[in-house]
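Asks: Sending over a structure as structure tokens; questions will come in a sec.
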Amino acid sequence: MTDEPEFRPATAEDAPVLAQKIREVSPDVVDTLLKGLLPGIGVENILSMALRDESSHYSFRNCVLSEVDGALAGLLFAYPAELQGIPNLMEHMVPSSRLEPLRELLTISEPGSLYVNTLWVAEDFRGQGMADALIEYARFWAGSLECSAVSLFCWRDNARAVSFYRRQGFRPVRELVARPPLTEKHDRGDLYVLPVADPS
């Protein structure tokens, strides 16, 4: 990258773009949960509303944006793994036929870690070190919260992402087998963990 990225906390006004990027990273999961859930309201609008709910760990408050010369370059959506789970609102709104096949994926976590729900890099900034900068930020964020590691989930068929995370030092610690309807695109995935060095 020619210019260093600037990181800033997301705001409620960022919710629509956050929803768009989160869906771009995980369209199968997001659409399985939300498509057609509320008549006349699109998937990204529902997700945007959810992101504005500050009482949930799915809040915009757990999102950080990276910008280069004012252009959106990346997104990091993360929170302590102890918060990883299914919000009460989702339990009540989403039919169990949609929710149950995704329950393990939505609750998988490594205790004591910062769980990265979404890592996204804008196309114009891919291959330029932006993803490395986001992981470095995640490590710093984890340390500031006294988390011992950074964790995330990745499907094995996403070979590019798996290779990147392994180069960063992430190691798989738990396997997850996809259930229908996700089996249309995925077979298995892993929870990956990257220890955070003790700042002392």
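The values are calculated or read from the model by the stated rules, or taken from the named source; none is laboratory data. No experiment lies behind these values; they were computed from the predicted model shown. Backbone-built Cβ (ideal geometry, glycine too); neighbour counts: all protein chains shown. Note: areas computed on protein heavy atoms with side chains; ligands, DNA, RNA excluded. Shrake-Rupley method; radii C 1.70, N 1.55, O 1.52, S 1.80 Å.
Asks: Considering only protein heavy atoms and a 1.4 Å probe, what is the carbon-and-sulfur percentage of the accessible area of the chain?
Replies: Ligands and nucleic acids excluded, carbon and sulfur give 50 percent.
Asks: For the range 68-123, compute Rg over Rh where Rg is the Cα radius of gyration and Rh is the Kirkwood radius from the inverse mean 1/r over Cα pairs.
Replies: 1.10
Asks: Still on this structure, I have one more. At each listed q (0.12, 0.16, 0.23, 0.28 Å⁻¹), what is the log10 of I(q)/I(0) that the Debye formula gives for the range 1-61 modelled as equal alpha-carbon point scatterers?
Replies: The Cα Debye sum returns log10 ratios of -0.33, -0.54, -0.93, -1.19.
Asks: Related question: What is the P(r) of the range 135-196, as percent of Cα-Cα pairs per 5 Å bin from 0?
Replies: 4, 18, 25, 20, 15, 10, 6, 1
Asks: Kindly report the accessible area of the chain per residue (heavy atoms of protein chains, probe 1.4 Å, no ligands, DNA or RNA), in Å².
Replies: Values: 10260 Å² over 200 residues.
On a per-residue basis, the chain sits at 51 Å².
Asks: Further question on the same structure: Give a quick list of trypsin sites (Lys or Arg not before Pro) in the range 56-147 that DSSP marks as loop, anything other than H, G, I, E or B, with at most 14 other Cβ atoms within 10 Å.
Replies: Here the trypsin sites (Lys or Arg not before Pro) that fit, given the DSSP loop and packing criteria, are 126.
Asks: So if each residue of separation counts as 0.36 nm, and I subtract the Cα-Cα distance between residue 55 and residue 146, what length gain in nm does that give? Let's see the in-between values first.
Replies: On the way: separation 91, 0.36 × 91 = 32.76 nm, distance 2.18 nm.
Going from the current span to full extension adds 30.6 nm.
Asks: Positive end of the charge dipole of the range 106-190 (Lys, Arg +1 and Asp, Glu -1 on Cβ, about the Cα centre): tell me which of 180, 113, 134 has its Cα farthest that way.
Replies: Among 180, 113, 134, the one farthest towards the positive end of the dipole of the range 106-190 is 180.
Asks: Classify the range 96-158: rounded, prolate or oblate, from the alpha-carbon gyration tensor (a ≥ b ≥ c, eigenvalue square roots; a/c under 1.5 rounded; otherwise prolate if a/b is larger than b/c)?
Replies: Since a/c reaches 1.5 but b/c is at least a/b, the shape of the range 96-158 is classed as oblate.
Asks: In debye, nearest 20, what is the charge dipole magnitude of the chain about its Cα centre with +1 on Lys and Arg Cβ and -1 on Asp and Glu Cβ, if you could check?
Replies: So the dipole magnitude of the chain works out to roughly 600 debye.
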